[in-house]
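Colleague: Below: one structure in structure tokens.
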Amino acid sequence: MFFGPSEIDTDEMGYAMSRLEIESDLCDTGKDFCGVGSSSASHRSSEHLADLDHEISQVTKLKSSPHQRYSREVPGRHQLPVSTVRMLAGRESNFSGRGRFSAADCCHMLSRYLPIKGPWLVDQMDSRAYVSQFSTDGSLFIAGFQGSRIRIYNVEKGWKVQKDILAKSLRWTVTDTSLSPNQRNLVYASMSPIVHIVDVGSGTAESHANVTEIHDGLDFSSDEDGGYSFGIFSVKFSTDGREVVAGSSDDSIYVYDLEANRVSLRTVAHTSDVNTVCFADESGNLILSGSDDNLCKVWDRRCFIGRDKPAGVLVGHLEGVTFIDSRGDGRYFISNGKDQTIKLWDIRKMSSSAPARHEVLRNYEWDYRWMDYPTEARDLKHPLDQSVSTYKGHSVLRTLIRCYFSPAHSTGQKYIYTGSNDSSVYIYDLVSGDKVAVLKHHSSPVRDCNWHPYYPTLISSSWDGDLVKWEFPGSSEAPIMSKKRVRRRHFYY
């Protein structure tokens, strides 16, 4: 079931429900998604726009707005979204002077078709789904479950299970997986210093560790550990596929050189568990990390100032950081936090070191694993907050819930989406901060969710064991859930 905000202007909705072919009001009678927004909603949106860094707002607009000749302005009214029919007519008339759509034109059209219809059941397991991801080209989908199982689905062949992997030496759960850029190898981690690697391209459909296939182990431990066994929370391939970066429960970041078959870098990065790591761009020189010490840090491998000293620190979260996703431009990234917020960051605003007292004193005690977030803490803000923008509405409890930018190819990265402890998927508009859509189906926390890199398809994976698919409201396939009868509505601009 899809829930959208009622009484919100189409400008604030990110044009999600304003396309010409829309066939639904998808809400309670009298609450139309494309109704005229209230003045208070418009005021909140304008306040957010005023606060948002001008550069990221402008870049997002350039990547997802149509050519100016397609648009038209009506005096005294908000600029209306350009309909698909007008875009096609403009292309035939060569409005842009190119004889074709630009990348921004394509993003403008595709980003209006949000994956909100469904869901369709992809797979159902008897254990919790912890992690999932699409391959770079969208042809494969990987899902990892607590019951030692990792499945690789062939998206182009009707989501057929291409490889069923039984993990080796699993401790607690599959904490993370990462597919190499060439889609030949998959690494998976658990609460162990050994990360295992699997040959995805082999002809073996049933991959049982060291029974039907060898799962080589990448050992991240060293003699200096003194026999201490730590766990790996996060693991990512570099863009060239030669290295793997990992974040661990021993407060450290590791870089593993696959060609040399050894750890090439280890730094004690934080004062608590490193829950998430990733590369900031394609160069592989910048590494981003987030931790339970509430900090996001930037590491530049070209110029380590000193041992365990980052290139910069970003302060703003009141509680631990659960996940980081980079925009891929070496500048902007987002982080999910246990303070129930997503924050957008610009690494050019980072400090050289964390303030002496970066942690805000609190007069309450709580543990996100089994307690609700205190009511008195929901409106608190860090006095030294360096983030560009903050997004609220979802719930980050029980587990390390993940968030992402929407795909660059189809949306121009104009949205942010995240799983949630309340069993839903939330989609926010990057620029306005508005809650564009809430996807409800699951009965347990949605720890991970993934948007197809090219098509308006989103997969949500939950602790209830379900993997379900959401698509744009144009697919003729019947969803697994019953729907209310809807009436056809047309909107012309």
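Colleague: List pairs: first residue in segment 118-136 and more than 19 Å from Arg184 (Cβ to Cβ) and in contact (Cβ under 8 Å) with a residue 40 or more places away in the chain, second residue basic (Lys, Arg) and outside any strand (DSSP E or B) anywhere in the structure, Cβ distance under 9 angstrom, at least six positions apart or on different chains.
Modeller: Sorted first by the residue in segment 118-136, then by its partner, the pairs are Val131/Arg402.
Colleague: If I filter segment 167-187 down to residues being part of a loop (DSSP other than H, G, I, E, B) and touching a Lys or Arg at 6+ places or on another chain (Cβ under 9 Å), which single residue comes out as surrounded by the most Cβ atoms within 10 Å (Cβ to Cβ)?
Modeller: Only one residue fits best here, namely Val174.
Colleague: Only residues that are hydroxyl-bearing (Ser, Thr, Tyr) and touching a Leu at 6+ places or on another chain (Cβ under 7 Å): list them for segment 133-152, please.
Modeller: Once the filter is applied, which keeps residues that are hydroxyl-bearing (Ser, Thr, Tyr) and touching a Leu at 6+ places or on another chain (Cβ under 7 Å), segment 133-152 yields Ser135, Ser148.
Colleague: Let me ask something else about it. Could you tell me whether any residue of segment 144-165 is under 19 Å from the mean Cα position of the chain (by Cα) and closer than 24 Å to Phe279 by Cα? Spell out the reasoning first.
Modeller: Going through segment 144-165, the residues under 19 Å from the mean Cα position of the chain (by Cα) turn out to be 144-145.
Checking the rest, the ones that are also closer than 24 Å to Phe279 by Cα come to 144.
Within segment 144-165, one or more residues are under 19 Å from the mean Cα position of the chain (by Cα) and closer than 24 Å to Phe279 by Cα.
Colleague: In addition: Quick test of your reading of the structure: Phe141 fulfils all but one of (1) aromatic (Phe, Trp, Tyr); (2) part of a loop (DSSP other than H, G, I, E, B); (3) at pLDDT 75 or above. Name the failing condition by number.
Modeller: The failed condition is (2).
Colleague: Could you go through segment 382-400 and let me know if any residue there is open to solvent by less than 20 Å² (accessible area, probe 1.4 Å) and touching a His at 6+ places or on another chain (Cβ under 9 Å).
Modeller: yes
Colleague: Give, as residue ranges, the strands (runs of 3 or more DSSP E) completely inside segment 354-462 that count at least 3 residues that are touching a Cys at 6+ places or on another chain (Cβ under 8 Å).
Modeller: 415-419, 457-462
Colleague: Can you name the residue in segment 293-319 that is among the acidic types (Asp, Glu) and more than 12 Å from Ala269 (Cβ to Cβ) and is also modelled with the lowest pLDDT among such residues?
Modeller: Asp300
Colleague: Looking at (1) under 22 Å from the mean Cα position of the chain (by Cα); (2) in contact (Cβ under 8 Å) with a residue 60 or more places away in the chain; (3) open to solvent by 20 Å² or more (accessible area, probe 1.4 Å), which is the one condition that is false for Phe141?
Modeller: Here Phe141 meets the rest and fails (3).
Colleague: Also, I was wondering about something else. Given the options Asn285, Asn261, name the one that is out of contact with any Ser or Thr (no Cβ under 9 Å at 6 or more places or on another chain) and on the phi > 0 side of the Ramachandran plot.
Modeller: Values: Asn285 fails: on the phi > 0 side of the Ramachandran plot.
Being out of contact with any Ser or Thr (no Cβ under 9 Å at 6 or more places or on another chain) and on the phi > 0 side of the Ramachandran plot holds for just one of Asn285, Asn261, which is Asn261.
A quick yes/no check of all residues on (1) at pLDDT 95 or above; (2) among the hydrophobic types (A, V, I, L, M, F, W, C):
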{"position": "Gln133", "(1), (2)": "yes, no"}
{"position": "Phe145", "(1), (2)": "yes, yes"}
{"position": "Arg151", "(1), (2)": "yes, no"}
{"position": "Leu170", "(1), (2)": "no, yes"}
{"position": "Thr173", "(1), (2)": "no, no"}
{"position": "Arg184", "(1), (2)": "no, no"}
{"position": "Ile194", "(1), (2)": "no, yes"}
{"position": "Val200", "(1), (2)": "no, yes"}
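Colleague: Next question, about the same structure. Among the residues of segment 413-446, how many are open to solvent by 10 Å² or more (accessible area, probe 1.4 Å) and β-branched (Val, Ile, Thr)?
Modeller: 2
Colleague: Here's a follow-up. In segment 380-423, what residues are among the aromatic types (Phe, Trp, Tyr) and either free of Cβ contacts under 8 Å to residues at least 40 places away in the same chain or more than 18 Å from Lys338 (Cα to Cα) (or both)? Walk me through how you get there before you give the answer.
Modeller: Initially, segment 380-423 is screened for residues among the aromatic types (Phe, Trp, Tyr), giving 391, 404-405, 415, 417.
Scanning segment 380-423 gives Phe405, Tyr415.
Colleague: If Asp293 passes every condition in (1) within 28 Å of Phe405 (Cα to Cα); (2) open to solvent by 10 Å² or more (accessible area, probe 1.4 Å); (3) part of a loop (DSSP other than H, G, I, E, B) but one, which one does it miss?
Modeller: Tallying (1) within 28 Å of Phe405 (Cα to Cα); (2) open to solvent by 10 Å² or more (accessible area, probe 1.4 Å); (3) part of a loop (DSSP other than H, G, I, E, B), Asp293 fails exactly one: (2).
Colleague: For residues that are open to solvent by 80 Å² or more (accessible area, probe 1.4 Å) and within 21 Å of Leu295 (Cβ to Cβ), scanning just segment 353-364, find the one that is modelled with the highest pLDDT.
Modeller: It comes out as Arg362.
Colleague: If you scan segment 116-135, which residues turn out to be buried (at least 23 other Cβ atoms within 10 Å of the Cβ) and assigned to a loop (DSSP other than H, G, I, E, B)?
Modeller: Ile116 - this is the single residue of segment 116-135 that is buried (at least 23 other Cβ atoms within 10 Å of the Cβ) and assigned to a loop (DSSP other than H, G, I, E, B).
Colleague: Related question: Would you mention how many residues in segment 148-166 are outside any strand (DSSP E or B) and either hydroxyl-bearing (Ser, Thr, Tyr) or within 13 Å of His208 (Cα to Cα) (or both)?
Modeller: Just the residues of segment 148-166 that are outside any strand (DSSP E or B), to begin with: 148, 155-159.
Imposing the further condition that a residue be either hydroxyl-bearing (Ser, Thr, Tyr) or within 13 Å of His208 (Cα to Cα) (or both) reduces the set to 148.
Result for segment 148-166: 1.
Colleague: Name, by its number, the condition in (1) surrounded by fewer than 23 Cβ atoms within 10 Å (Cβ to Cβ); (2) part of a strand (DSSP E or B) that does not hold for Ser202.
Modeller: Exception for Ser202: condition (2).
Colleague: Do the conditions hold for Ser410, that is, is it open to solvent by less than 10 Å² (accessible area, probe 1.4 Å), out of contact with any Gly (no Cβ under 9 Å at 6 or more places or on another chain) and at pLDDT 95 or above? Please lay out each step first, then the result.
Modeller: Values: open to solvent by less than 10 Å² (accessible area, probe 1.4 Å): yes; out of contact with any Gly (no Cβ under 9 Å at 6 or more places or on another chain): yes; at pLDDT 95 or above: no.
In short, no.
Colleague: Residues of segment 219-276 being part of a loop (DSSP other than H, G, I, E, B), open to solvent by less than 10 Å² (accessible area, probe 1.4 Å) and of a type in the set (Gly, Ala, Ser), which ones?
Modeller: Gly231, Ser238, Ala269
The values are calculated or read from the model by the stated rules, or taken from the named source; none is laboratory data. No experiment lies behind these values; they were computed from the predicted model shown. With ideal geometry, Cβ positions are generated from the backbone for all residues, glycine too; neighbour counts draw on all protein chains shown. For the accessible areas, the whole protein counts, side chains as well, though only heavy atoms, and no ligand, DNA or RNA atoms are used. Shrake-Rupley method; radii C 1.70, N 1.55, O 1.52, S 1.80 Å.
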